[in-house]
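Just below is one structure, and these are the notes that go with it.
The values are calculated or read from the model by the stated rules, or taken from the named source; none is laboratory data. Values in this document were obtained by computation on a predicted structure and should not be read as measured data. Glycine also receives a Cβ, built like all others from the backbone with ideal geometry; neighbour counts cover every protein chain displayed. For the accessible areas, the whole protein counts, side chains as well, though only heavy atoms, and no ligand, DNA or RNA atoms are used. Shrake-Rupley method; radii C 1.70, N 1.55, O 1.52, S 1.80 Å.
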Amino acid sequence: MFKKIGIFLEMIKIEHTLFALPFAFMGAVLGSTEINGHLPSWAQIGWVLLAMIGARSAAFGLNRMIDRVIDAKNPRTAGRAIPAGLLRISEVVIFVIISFILLFWAASQLNPLSVKLLPIAVFMLVIYSYTKRFTWACHIVLGFTIALAPLGGWVAVTGEINLSSLVLFVAAAFWTAGFDIIYACQDIEFDREEGVYSIPSRFGIAGALTIAKVFHLITAVGFIGLFFITGLSWIYAVGILISCALLVYEHYIVTPSDLSRLQTAFFTLNSVVSIVIFVFTLIDVVVF
């Protein structure tokens, strides 16, 4: 049983929670303090956490099922649970259904708008895995899907969407799209051979890295913009400066001629970026 649980946890890349979860909490904290004038309750945080677990588990389960044929052909992904025969399709289907039930249950405990927006979230979670079959803009679709985390966190505790929440949504979307482009550079040859759409396969590694830089510039502008349209102080600004420096370093260590530190740029640095932004935002709203 424990071995099977480990396989499921590996399938959903539990460590990648470090990307989206801090932003979901950031949306909840920033939204509650801006709209309600206080921090979200522990109950609200708990339901946001459960909704995130349900959403990302369903998303990864769907992605692994939909991409199982492509994954089996790619040497980098052939060892994943489904193509390697470690999990049956029926098991993953049950896992996805349970994950969606968890997402719907958590949303129902928050507010009506959270429930009304669920169809959009489910559509985005499903459609992303198909986009690589017909458009190189799949990274942007992924970005806007993952960015539902901070927007969802905001809506969960406020029941509304405003300018600040949309700026946070766009900033997180282009941050995700940017590092996903970097990640996709390692599959450029496979994607071209198999007809898989991606920005690296369409524009080459040099072009893809340039586009990723532009996307992360948009991210920086978005997070800086939050400083001016919210009541955040210099503490948040320090966090953004650190995060922007990390993004600059990310693009410094990955070049068209050297992808050896791609994993560091993709996982380590971006995990730190999300944590830094959330922690400094939390300190800011608590102190001020």
Open item on the list: I'd like the residue in region 161-178 that is part of a helix (DSSP H, G or I) and farther than 27 Å from Ala265 by Cβ and, out of all such residues, is most open to solvent (accessible area, probe 1.4 Å).
Closed with: Leu163
TODO: Report yes if Phe134 is within 19 Å of Leu9 (Cα to Cα), over 19 Å from the mean Cα position of the chain (by Cα) and touching a residue at least 60 places away in the same chain (Cβ under 8 Å), otherwise no.
DONE: no
Open item on the list: Give me the residue from region 239-286 that is open to solvent by 10 Å² or more (accessible area, probe 1.4 Å) and touching a Pro at 6+ places or on another chain (Cβ under 6 Å) and, out of that set, farthest from Pro150 (Cα to Cα).
Closed with: Ile275
Open item on the list: Please go through region 230-267 and give me each residue that is within 22 Å of Phe169 (Cβ to Cβ), of a type in the set (Val, Ile, Thr) and at pLDDT below 95, ordered by number.
Closed with: Thr230
- [ ] Having 3 or more residues that are of a type in the set (Val, Ile, Thr), buried (at least 17 other Cβ atoms within 10 Å of the Cβ) and touching a strand residue (DSSP E or B) at 6+ places or on another chain (Cβ under 8 Å) is the bar; report the helices (runs of 4 or more DSSP H) wholly within region 1-118 that clear it.
- [x] none
TODO: Give the number of residues within region 132-160 that are part of a helix (DSSP H, G or I) and over 22 Å from Ser99 (Cα atoms).
DONE: 4
Open item on the list: Please go through region 77-113 and give me each residue that is among the small types (Gly, Ala, Ser) and within 17 Å of Arg56 (Cβ to Cβ), ordered by number.
Closed with: Ala81, Ser99, Ala106, Ala107
Open item on the list: more than 19 Å from Glu160 (Cβ to Cβ) and without any contact (Cβ under 8 Å) to a residue 12 or more places away in the chain: is that true of Gly61 in this structure?
Closed with: no
Open item on the list: Can you tell me which residue is surrounded by the fewest Cβ atoms within 10 Å (Cβ to Cβ) among those in region 222-231 that are free of Cβ contacts under 8 Å to residues at least 60 places away in the same chain and more than 20 Å from Leu269 (Cβ to Cβ)?
Closed with: Phe228
